[in-house]
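Novice: Encoded as C-alpha cells, here's the structure I'll be asking about.
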Amino acid sequence: MTVKEVQEEIIRLKKEKDVCILAHAYQDQSIFEVADYIGDSFGLSVQGRDADNSSIIMCGVRFMAETCKVLSPEKKVYLPNPVAGCPMAEQMSVEDVRKLKEENPGSAVVCYINTTSELKTECDLCVTSSSARRLMKGIKEDTIIFIPDPNLGAYVEKDLPDKKFIYFDGGCPYHQRATYEDVCNAKKAHPDALFLVHPECHPEVTKEADFVGATTAIMDYARESDNKEFIIGTENSIVEHLQYDCPDKMFYPLSVNLSCDNMRVTSLFDIYNTLRGVGGEEIILDKEIIDGASKCINRMIEG
Ligand code: 13P
Ligand code: SF4
C-alpha cells in the first residue's frame, strides 16, 4: 500500500467506527493528515474530553492516552503503539511522591501532566507546560512540591519568588540533552535567527531564549513573528512542521540530539491496525485511579 492509500483507509474506517484521532504536535506529518485534532498536551486533553465519538485513538505517548481515559471513562481509548511511553512520566513512583509529602507536610503537590495517572492520584493540581505559570499563581500553600521536572518547575518558580519549591531529580531525557554550548553554536551559525525553546530544557539553555513556551506557543510565535529565521529548542519534529507551515521562513534545530524516540515510534500503520482491531492497546484503568486522577486533571482544565 502507498502512504496515500493507508491514509484513505484510515479516514474511511474512523468514520465507519466513530473514532476521533488525536495527534500530539511531535507526530509525523503523515499522521497529521488523518488526525481530527493536532495539539500540545493541554489542547489534546480538552479535545479528548469534548469529542463526541465513542472511541479515541491517541497518537502520542501513554500518559496522554491515560489522561483521555481519565477524562472520558465511557469512551474506548487506544494507544496505537503500546511501546510509546514517556520516560519522564514513568521515572517517579507513588512511593517517591509519598515520601516527599511526608517530608514536607502542608505543601501543595503539583504534577506535570507528563506523569502516570497513578501518580496523579497523589497530587492536588496537574499542569501542562502551557498552563503551569497561570494555574500555579492561584496556589495558597507556601511550599510547592513540583514533580517530576525541575526544569519546568524552575521556569515557573521565577514568577513565584515567595514560594518554596521542592523538586524531584527528574526531567525529560531528550530536552535535557540540549546544552549551553549547543545554543552558542546555533546562534553563531544563524546570527539573525530568534531562539525559541521549551521549558523542559535546562535553565542555562532557556535563559538564552528570545521566547520560552510550550509546543503550541512556540509554533504560534514562529508563525506570527515577522522574523525569517528561528532556532528551535524542542523536539526536532517541530522544525519540520514549522517548515511546512511557513515555507518562506527558515527553521534550524538547536541540536540533532533533540529527537524523542517514544514520540516517533507511532506509525500510520499502527493507526490503521488499531482501526482494524489487529493492533494498538486499549487503555484500561481501575476506577480508583480514574476517580483519584480526575480531580487534579479537572482542576487544570477548569482553572
Ligand atoms: P507540550 O505540553 O508542550 O505538548 O509538551 C509535552 C511533551 O511531552 C513535551 O516534551
Ligand atoms: Fe516525554 Fe520528553 Fe518525549 Fe516529551 S519529549 S514525550 S517529555 S520523553
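Novice: If ARG299 passes every condition in (1) over 19 Å from THR179 (Cβ atoms); (2) more than 16 Å from ligand 1 (Cβ to nearest atom); (3) at pLDDT 95 or above but one, which one does it miss?
Specialist: (3)
Novice: Within the range 244-268, can you find the residues that are more than 15 Å from ligand 2 (Cβ to nearest atom), under 26 Å from ILE57 (Cβ atoms) and surrounded by 15 or more Cβ atoms within 10 Å (Cβ to Cβ)?
Specialist: Those that are more than 15 Å from ligand 2 (Cβ to nearest atom), under 26 Å from ILE57 (Cβ atoms) and surrounded by 15 or more Cβ atoms within 10 Å (Cβ to Cβ): SER267, LEU268.
Novice: Related question: For the range 169-202, which residues satisfy the criterion of being of a type in the set (Asp, Glu) and crowded, with 18+ Cβ neighbours inside 10 Å?
Specialist: Once the filter is applied, which keeps residues that are of a type in the set (Asp, Glu) and crowded, with 18+ Cβ neighbours inside 10 Å, the range 169-202 yields ASP182, GLU200.
Novice: Keeping to the range 75-100, report how many residues are within 16 Å of ligand 1 (Cβ to nearest atom) and not in a loop (DSSP other than H, G, I, E, B).
Specialist: 1
Novice: Could you list, in sequence order, all residues of the range 181-193 that are touching a helix residue (DSSP H, G or I) at 6+ places or on another chain (Cβ under 9 Å) and either among the β-branched types (Val, Ile, Thr) or closer than 14 Å to THR234 by Cβ (or both)?
Specialist: Answer for the range 181-193, where residues must be touching a helix residue (DSSP H, G or I) at 6+ places or on another chain (Cβ under 9 Å) and either among the β-branched types (Val, Ile, Thr) or closer than 14 Å to THR234 by Cβ (or both): ASP182, VAL183.
Novice: Which one is nearest to the chain's Cα centre (by Cα), of the residues in the range 2-49 that are part of a strand (DSSP E or B) and among the small types (Gly, Ala, Ser)?
Specialist: Ranking the candidates gives GLY39 first.
Novice: What's the number of the condition ASP220 fails, among (1) within 15 Å of ARG177 (Cβ to Cβ); (2) assigned to a helix (DSSP H, G or I); (3) within 16 Å of ligand 1 (Cβ to nearest atom)?
Specialist: For ASP220, the failing item is (1).
Novice: Still on this structure: Taking the range 101-147 as the region of interest, how many residues are away from ligand 1 (no atom under 15 Å from the Cβ), assigned to a loop (DSSP other than H, G, I, E, B) and touching a residue at least 12 places away in the same chain (Cβ under 8 Å)?
Specialist: Matching residues across the range 101-147 total 13.
Novice: Follow-up question, since we're still on this one. Could you list, in sequence order, the residues of the range 165-207 that are within 16 Å of ligand 1 (Cβ to nearest atom) and not in a loop (DSSP other than H, G, I, E, B)?
Specialist: Passing the criteria: HIS175, GLN176, ARG177, LEU196, VAL197, VAL205, THR206.
Novice: Determine which member of the set LYS14, LYS4 is away from ligand 1 (no atom under 16 Å from the Cβ) and free of Cβ contacts under 8 Å to residues at least 12 places away in the same chain.
Specialist: LYS4
Novice: Now a separate question. Across the range 276-290, what is the total count of residues that are assigned to a helix (DSSP H, G or I) and within 17 Å of GLY48 (Cα to Cα)?
Specialist: Of the residues in the range 276-290, 1 are assigned to a helix (DSSP H, G or I) and within 17 Å of GLY48 (Cα to Cα).
Novice: I would also like to ask the following. Kindly evaluate SER72 against the criterion of being within 16 Å of ligand 1 (Cβ to nearest atom) and of a type in the set (Gly, Ala, Ser).
Specialist: no
Novice: Output the number of residues of the range 209-235 satisfying the condition of being over 21 Å from the mean Cα position of the chain (by Cα) and surrounded by 19 or more Cβ atoms within 10 Å (Cβ to Cβ).
Specialist: 1
Novice: Would you confirm whether or not the range 31-50 contains a residue that is hydrophobic (A, V, I, L, M, F, W, C), modelled with pLDDT of 95 or more and under 22 Å from LEU119 (Cα atoms)?
Specialist: No - not one qualifying residue is present in the range 31-50.
Novice: Collect the residues in the range 1-12 that are at pLDDT 95 or above and surrounded by fewer than 16 Cβ atoms within 10 Å (Cβ to Cβ), keeping them in residue-number order.
Specialist: Matches in the range 1-12: THR2, VAL3, LYS4, GLU5, GLU8, ILE11, ARG12.
A quick yes/no check of all residues on (1) more than 13 Å from ligand 2 (Cβ to nearest atom); (2) of a type in the set (Val, Ile, Thr):
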{"site": "VAL19", "(1), (2)": "yes, yes"}
{"site": "GLN29", "(1), (2)": "yes, no"}
{"site": "PHE32", "(1), (2)": "yes, no"}
{"site": "ILE38", "(1), (2)": "yes, yes"}
{"site": "PHE42", "(1), (2)": "yes, no"}
{"site": "CYS68", "(1), (2)": "yes, no"}
{"site": "SER72", "(1), (2)": "yes, no"}
{"site": "LYS76", "(1), (2)": "yes, no"}
{"site": "ALA84", "(1), (2)": "no, no"}
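Novice: Another question about this same structure. Taking the range 1-26, which residues are closer than 17 Å to GLY280 by Cα, charged (D, E, K, R) and out of contact with any strand residue (DSSP E or B) (no Cβ under 9 Å at 6 or more places or on another chain)?
Specialist: Within the range 1-26, GLU9 is the sole residue that qualifies.
Novice: So which of MET64, MET58 is in a helix (DSSP H, G or I), within 16 Å of ligand 2 (Cβ to nearest atom) and within 19 Å of ILE284 (Cα to Cα)?
Specialist: Going through MET64, MET58 in turn, just one is in a helix (DSSP H, G or I), within 16 Å of ligand 2 (Cβ to nearest atom) and within 19 Å of ILE284 (Cα to Cα): MET64.
The values are calculated or read from the model by the stated rules, or taken from the named source; none is laboratory data. Everything quoted here is computed from the prediction, not taken from an experiment. We place every Cβ from the backbone using ideal geometry, glycine too, and count neighbours over all the protein chains shown.
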